[in-house]
Structures are given as structure tokens and as C-alpha cells.
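The values are calculated or read from the model by the stated rules, or taken from the named source; none is laboratory data. Not measured: the values here are computed from a predicted model. Heads up, the Cβs are rebuilt from the backbone with ideal geometry, glycines too, and the neighbour counts pull from every protein chain shown. With ligands, DNA and RNA removed, areas are computed over all heavy atoms of the protein, side chains included. Shrake-Rupley method; radii C 1.70, N 1.55, O 1.52, S 1.80 Å.
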Amino acid sequence: MKDGFPAFGGFSGSLSLLDIPPLDLRQVEIIKGAASTFYGAGAIAGVVNFISKSPEEKPVTNLIFNQTSALGTDFSIFNSRKFDKFGYTFLGSVNYQKEYDVDDDDFTELPKTKSFNINPRLFFTPDEKTRFTVGNSTTYQKRQGGDVFVVRGQSDGVHQYFENNDSIRNITTVQYDRDFSEGRKIVARQSLAFFSREISIPNYRFEGRQFNSYTDISYFQPIKNHALVFGFNAVREQFREQTFSITGKRDETRTTIGGYVQDAFDIT
């Protein structure tokens, strides 16, 4: 998850931690046990929540340039600034990995990769008790692996195997926080995620698109030594396969709607 949103969707199992630039990372939360099921059936084994930085009083700019001995190049930038009632953060990264054959067997241990990520977030605070946050993250990645000769455009009768993987991910998030008297609070969240992936190897091609929607509204009410939370959430996942297999298209749509009540109290 990213900032409390299940933003990576059903394909999160194929997401590498190296695909998440650390420049805007403030902290990492790990949720285990029964509480993790609050985030859906796919979170029953636990949740990892990446909390990103918010604008500070002083402008912040961080840059990272990385060159690896395995012929990889990375550049990332993070910039944030806070004004009177507005603020923003911006995270951008560009990555290039040249095809790398470490043991000279003409097969890539590291595929040729080109990718970029752009993630701006806007913060609006009309008063001391109200906060709006809007963000959008766009990621593109193109990977070419397999036979080194094929990756370099030198295929022949012997060198023919390849693995190509192209993906696009776009995530839009909106959050509203409102504080009331006596510690009461309401939080509303909405995220829309689109993911497209195309995989091709000799004599096989897969292409699919996935749409995810996540809605959550919660109300917090402290009463003496009790902290009550009432909430509602809805999750919709829709997958459509663009290619046709022998067994037909593997499309699916799932919608889950739920409500929850939590009481955390001090015995003494």
C-alpha cells in the first residue's frame, strides 16, 4: 500500500521493491494479524504500507544519481514546498539498465530495461481542521530479456529466444480529512488505478488491462476511555484480457462492499 491506499492493484505481486524510489519515503508500516484483513481478502497475510513525506516549512530538494557495475543507471529527484494554504511534493525517476550477461552464456541475467516514474501530490489546507490531498502516479517500464543476440537485434537460426515485458501503471488518489471538536474526525479516501501489461515470448503473447477502485470513509469518536471507529469501504477490480487463448479470455470482475466497527479501550 502507498499512504493507506491499495494503490498497486492485483498485479502487486509482480512489483519489485526496487521499483519504488525511496526519496519520498518517510516511514514503512507493517501490519500483521487480524487487522490486515481490514484491507481486503488479498491482505490476509499482512500489509506493507509505504508512508511518503509531506511538505515542510522549508523547501526540500533531494537528488540521487546511481551508476552500477552491472551497467545500470538511475536518476531520481524529490522536491517539496509548503506555502500558506497550499503545498506540493514531486517525485520523478528515470532508470536504464543495459542487457547484462554476467557469465557469458549469451543469456541475460539482467534484461535491457527503460523506465520512468512521475508522482506529483498537491496539499490544500483551507483551515486548521480541514485537509485535501490529491496525487497521481504514472509509471512506464519496458523490459527486453532472453538471448543477448536477439536483444541486440542480431537474431539468427540459433539465437531466437526472447522475453519482452511492457507495462504502464497510473494511480490517482484523493483524500479528505476533517477534524471536529472533542477529538472527533472523519477521513474519506478514493483511489483509481489502471494497469496494462504486455508479455511476449516466441509463439506466445499475453496482453491484459486491469482497473481498480478503492473507496473508504471512516469516522473516529473518542468517548471517555473508548476510541470508536465506524466505517464503510468498497473495492472493485476489473480485469480484461486483450489476447485470446485456447480456453478463452480470462476476464473477471469483483466487487466487495463492507462496513466495520472498532472499539479500542483502556481497561485502566
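Side notes on the structure shown:
- Of everything listed in (1) open to solvent by less than 70 Å² (accessible area, probe 1.4 Å); (2) at pLDDT 90 or above, the single unmet condition for ALA264 is (2).
- Output for the stretch 200-214, where each listed residue is touching a Gly at 6+ places or on another chain (Cβ under 9 Å) and either surrounded by 15 or more Cβ atoms within 10 Å (Cβ to Cβ) or more than 30 Å from VAL151 (Cβ to Cβ) (or both): GLN210, PHE211, ASN212, TYR214
- Count - residues of the stretch 237-255 that are open to solvent by 90 Å² or more (accessible area, probe 1.4 Å) and either more than 29 Å from SER200 (Cβ to Cβ) or polar (S, T, N, Q) (or both): 1
- Scanning the stretch 160-189 for residues that are over 18 Å from THR125 (Cα atoms), crowded, with 17+ Cβ neighbours inside 10 Å and in contact with an Asp or Glu (Cβ under 8 Å, 6 or more places away or on another chain) yields PHE162, ASN164, ASN165, SER167.
- For the stretch 87-104, the tally of residues that are surrounded by 14 or more Cβ atoms within 10 Å (Cβ to Cβ) and out of contact with any Ser or Thr (no Cβ under 8 Å at 6 or more places or on another chain) stands at 1.
- Single residue of the stretch 118-149 satisfying the filter (of a type outside the set (Ser, Thr, Tyr) and in contact with a helix residue (DSSP H, G or I) (Cβ under 8 Å, 6 or more places away or on another chain)) that is surrounded by the most Cβ atoms within 10 Å (Cβ to Cβ): GLY145
- Per the conditions (1) surrounded by 18 or more Cβ atoms within 10 Å (Cβ to Cβ); (2) modelled with pLDDT under 95; (3) of a type in the set (Gly, Ala, Ser), the sole criterion not satisfied by SER115 is (1).
- Qualifying positions in the stretch 80-102 - among the aliphatic types (A, V, I, L, M) and not in a strand (DSSP E or B): VAL102
- Tally, over the stretch 215-226, of residues that are exposed (fewer than 15 other Cβ atoms within 10 Å of the Cβ), in contact with a Phe, Trp or Tyr (Cβ under 7 Å, 6 or more places away or on another chain) and either of a type outside the set (S, T, N, Q) or assigned to a strand (DSSP E or B) (or both): 1
For every residue, the table says whether it meets (1) in contact with a Gly (Cβ under 8 Å, 6 or more places away or on another chain); (2) modelled with pLDDT under 90.
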| site | (1), (2) |
| --- | --- |
| GLY10 | yes, yes |
| ILE20 | no, yes |
| ALA35 | no, yes |
| ASN66 | yes, no |
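- Taking every residue in the stretch 103-115 that is at negative phi and in a loop (DSSP other than H, G, I, E, B) and pairing it with any residue that is open to solvent by less than 60 Å² (accessible area, probe 1.4 Å) and not small (Gly, Ala, Ser), at least 6 positions away or on another chain, the pairs with Cβ-Cβ distances below 7 Å are THR108/GLU99; THR108/ASP101; THR108/VAL148; THR108/VAL151; GLU109/ASP101; PRO111/GLU99; PRO111/GLN144.
- Single residue of ARG250, ARG236 found to be part of a loop (DSSP other than H, G, I, E, B) and under 22 Å from ARG169 (Cα atoms): ARG250
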